[in-house]
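Asker: A single structure is presented below for examination.
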Amino acid sequence: MTSLKAFLSENDLSIPALCSEIFERHQDTISVKRRHVAVAKLARIISAVLSISNERGFRAMSLRDLAKEANLSMGALYAYFDSKETLLMMILREVHAVVLRVLQVPPELADDPVQRLRWLIRTHVYLTEAMHSWFIFSFMEVRAFDEQARKFILDSEVVSESLFFDALDEGKRKGVFEIDNVQITSALIKPMLQDWYIKRWKHRRRKITPEGYADFLTSFIEAAILSKRRSYDPAVRPNADGVPIPPPC
């Protein structure tokens with residue numbers, strides 16, 4: 001399976017790269033048209049938002065606080081957004097867009113629910129490790145968001161959860177998984193994935209790596225749902241009883 005280092009080399013999830021995407025998505029409303037200037041200042045703004053929110057919360061942050069932290073004038077801020085609500089939706093839409101892009105299942109795994117589930121678990125852990133401050137912001141601040149932002153983030157969670165639902169549902173139909181309720185099972189996987197970034201300090205203290213957490217979570221889930229009647233060989237289709245189930249890669 002892919003390591004975190006390999007994942008990061010394949011996916012540029014740095015703040016400048018993500019701010020470049022934000023600029024592309026909002027260039028009609030951003031008054032600064034020189035791309036390199038706009039992206040550099042957006043990176044300062046987003047970095048400042050995530051830092052301030054981590055310390056005292058997005059709701060408590062004023063635009064004057066933001067301007068000071070980003071070392072920009074108030075006028076410079078308004079060249080990129082017209083309100084805190086607009087800025088908030090810029091951040092949330094970027095997180096949502098990255099989740100959809102990065103968690104798109106590779107075609108070679110499309111027909112294999114076990115390998116697809118393993119890939120989704122590992123990729124989700126790596127993604128939230130790479131964008132830790134973005135995901136913490138989205139999770140911790142949701143109660144402070146207005147109705148539009150709350151609805152957006154909750155809808156986004158349903159969309160990402162559906163990726164796991166689809167893999168589990170197909171595995172159940174193919175007899176690979178034994179699951180009484182696919183919807184509840186996919187819903188329970190989500191908080192276990194969230195625990196990696198919400199309580200990352202705890203896992204780091206225990207010297208658990210992203211790779212190690214993905215391995216354990218995969219084994220834990222498979223122990224609960226893999227069919228006892230059929231064993232799984234990742235190189236072949238589910239075969240006869242008696243063949244040992246290989247550990248997750």
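The values are calculated or read from the model by the stated rules, or taken from the named source; none is laboratory data. Predicted model, so just to flag it, every value in this text is computed and none were measured. Cβ atoms come from the backbone with ideal geometry, glycine included; neighbour counts cover every protein chain shown.
Asker: Which residue pairs have Cβ atoms under 7 Å apart, sit 6 or more places apart or on different chains, and have a first residue in the range 184-199 that is assigned by TED's automatic domain parsing to the domain that holds residue 154 and a second that is of a type outside the set (Ser, Thr, Tyr) and outside any helix (DSSP H, G or I)?
Answerer: What qualifies is 185/179.
Asker: So, one more: For the range 95-109, indicate whether the set of residues that are of a type in the set (Gly, Ala, Ser) and surrounded by 13 or more Cβ atoms within 10 Å (Cβ to Cβ) is non-empty.
Answerer: Yes, there is a match, as at least one residue in the range 95-109 is of a type in the set (Gly, Ala, Ser) and surrounded by 13 or more Cβ atoms within 10 Å (Cβ to Cβ).
Asker: Of the residues 92, 100, 18, 66, only one is modelled with pLDDT of 95 or more, within 21 Å of the chain's Cα centre (by Cα) and part of a helix (DSSP H, G or I); which?
Answerer: The conditions single out 18.
Rundown of residues vs (1) assigned by TED's automatic domain parsing to the domain that holds residue 165; (2) under 18 Å from residue 162 (Cβ atoms); (3) surrounded by fewer than 14 Cβ atoms within 10 Å (Cβ to Cβ), yes/no style:
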position: 42; (1), (2), (3): no, no, no
position: 54; (1), (2), (3): no, no, no
position: 59; (1), (2), (3): no, no, yes
position: 62; (1), (2), (3): no, no, yes
position: 66; (1), (2), (3): no, no, no
position: 74; (1), (2), (3): no, no, yes
position: 85; (1), (2), (3): no, no, yes
position: 119; (1), (2), (3): yes, yes, no
position: 128; (1), (2), (3): yes, yes, no
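Asker: With the condition kept exactly as written, say whether any residue in the range 137-152 is surrounded by fewer than 19 Cβ atoms within 10 Å (Cβ to Cβ), closer than 18 Å to residue 189 by Cα and touching a residue at least 24 places away in the same chain (Cβ under 8 Å).
Answerer: Among the residues of the range 137-152, at least one is surrounded by fewer than 19 Cβ atoms within 10 Å (Cβ to Cβ), closer than 18 Å to residue 189 by Cα and touching a residue at least 24 places away in the same chain (Cβ under 8 Å), which makes the answer yes.
Asker: Got at least one residue in the range 198-211 being within 20 Å of residue 106 (Cβ to Cβ), under 17 Å from the mean Cα position of the chain (by Cα) and modelled with pLDDT of 95 or more?
Answerer: So far as the range 198-211 goes, yes, one or more of its residues are within 20 Å of residue 106 (Cβ to Cβ), under 17 Å from the mean Cα position of the chain (by Cα) and modelled with pLDDT of 95 or more.
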